[in-house]
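See structure below.
Computed from the coordinates by the stated procedures, all read-outs in this text should not be read as laboratory data. Remember, predicted model here, so these are calculated numbers, not experimental data. Positions of Cβ are backbone-derived with ideal geometry, glycine not excepted, and every protein chain shown enters the neighbour counts.
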Amino acid sequence: MTTSRTIRKVFKGKPVTEGAGVRLKRVFGFNEAPLFDPFLLLDDFRSDNPADYRKGFPWHPHRGIETITYMLEGNVEHGDSIGNRGVITAGSVQWMTAGSGIIHQEMPFGEKSGRMGGFQLWANLPASQKMSPPRYRDITTELIPRLTLENGVEISIICGRIGNTAGPVRDIAIDPEYLDFTVPAGTSYTHPVIKGHTAFAYIIAGKGVFGHQEESLSPRAGELSGNETLIQFSDGDTVTITTEAVPVRFLLISGKPLNEPVAWYGPIVMNTDTELRQAFEEYQNGTFLKHS
């Protein structure tokens, strides 16, 4: 018997400034991370004002995590200390596994109109992979499968599988699903989600009703949720989305919890405070990079 997931909690992004002065919305982060295991952070950096983002994210380290950058509009030029260079363009994804450590920079530049739009998700690495070699998966837009179902639902599959169609990102420890959905107006759609996995939806356009509500939470059961709203789901086998007068576009993300201790400061996430201190000591004394 399948169980439909209910809404456990609703989040709205809060303005923060990161990097050299990038203004963005933090949908969840350090304080909420225990609720989202294995995910650590989600940032929304959509803007039509270049002053919000052009200072970018100059050179900084990462260890122990994966950063997943999904661009809707504009571009992000990146480079790192081991020679990788490239540009994440509109519709593309960069899935970076920091592993044992990498020092990189991310410098956004918008379209001709100045518009920039994208999201960065941080996923934790299990203890067994914290010190693995760093690597990039650069996924151009043409590599991302796009399905249109009979009811008009459109799905871009970054990671995960729908029927016989699998996304290009595979072999990730947390067995994640990362899907970009558009559900037309006046439509109800039910999507299977692995029971036991953490799952949430982040609305990026339009409005929809997501499942039904656990008692005593807000918004009320059946209430439409709109842009920049994150819906965290309870456990279950399926998620149901229903639209009324307008379509809804949202990211549906899920993954297997690690259930491991987290020691986190800034861009480095380890399992113990000792490992965390060692990482910063190595960064200061020049021994941070373990793989070239």
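Positive end of the charge dipole of the chain (Lys, Arg +1 and Asp, Glu -1 on Cβ, about the Cα centre): tell me which of Ala245, Phe210, Phe233 has its Cα farthest that way.
Ala245
Add +1 for every Lys or Arg and -1 for every Asp or Glu among the other residues with Cβ under 10 Å from the Cβ of Gly110, and state the total.
Its environment carries a net charge of -1.
Can you tell me what percent of all Cα-Cα pairs in the range 1-59 are more than 17 Å apart?
Every Cα pair in the range 1-59 considered, those over 17 Å come to 51 percent.
Divide by every residue of the chain the summed helix terms, -39500 (n - 2.57) for each DSSP H run of at least 4, and state the resulting mean residue ellipticity at 222 nm, rounded to the nearest 500 deg cm²/dmol.
Roughly -1500 deg cm²/dmol at 222 nm, from the helical runs in the chain.
Evaluate the range 1-154: find the radius of gyration of its Cα atoms, find its Kirkwood radius, and give the ratio Rg to Rh.
Value, to two decimals: 0.99.
Please report the antiparallel percentage of the DSSP beta bridges confined to the range 7-285, to the nearest 5.
Here the antiparallel bridges make up roughly 95 percent for the range 7-285.
Ratio of the range 44-106's C-alpha Rg to 2.2 N^0.38 Å, to two decimals?
1.13
Tell me the angle of helix 273-285 to the major Cα principal axis of the chain, expressed in degrees between 0 and 90 and rounded to the nearest ten.
50 degrees
Which three lengths, in whole Å and largest first, does the chain cover when its Cα atoms are put on their principal axes?
58, 45, 38
Near Phe11, within a Cβ-to-Cβ distance under 14 Å, what is the net charge of the other residues, with Lys and Arg +1 and Asp and Glu -1?
Result for the local shell: +2.
Compare the peptides 267-280, 90-103, 12-25 by average per-residue count of other Cβ atoms within 10 angstrom and give them in order, highest first. Show your work: numbers first, answer last.
Working: 267-280: 17.9, 90-103: 21.6, 12-25: 14.6.
The densest-packed peptide leads the list: 90-103, 267-280, 12-25.
Roughly what percent of Cα-Cα pairs across the range 154-216 reach past 15 Å?
60 percent
Compare Asn49, Asn84, Asn164 in a GNM of the chain, Cα atoms joined below 10 Å, and give the one with the largest fluctuation.
Asn164
Students often get this wrong, so check it: of Lys12/Lys256; Lys9/Lys112; Lys207/Lys256; Lys14/Lys130; Lys25/Lys112; Lys14/Lys55, which have C-alpha atoms separated by over 31 Å?
Over 31 Å Cα-Cα: Lys9/Lys112.
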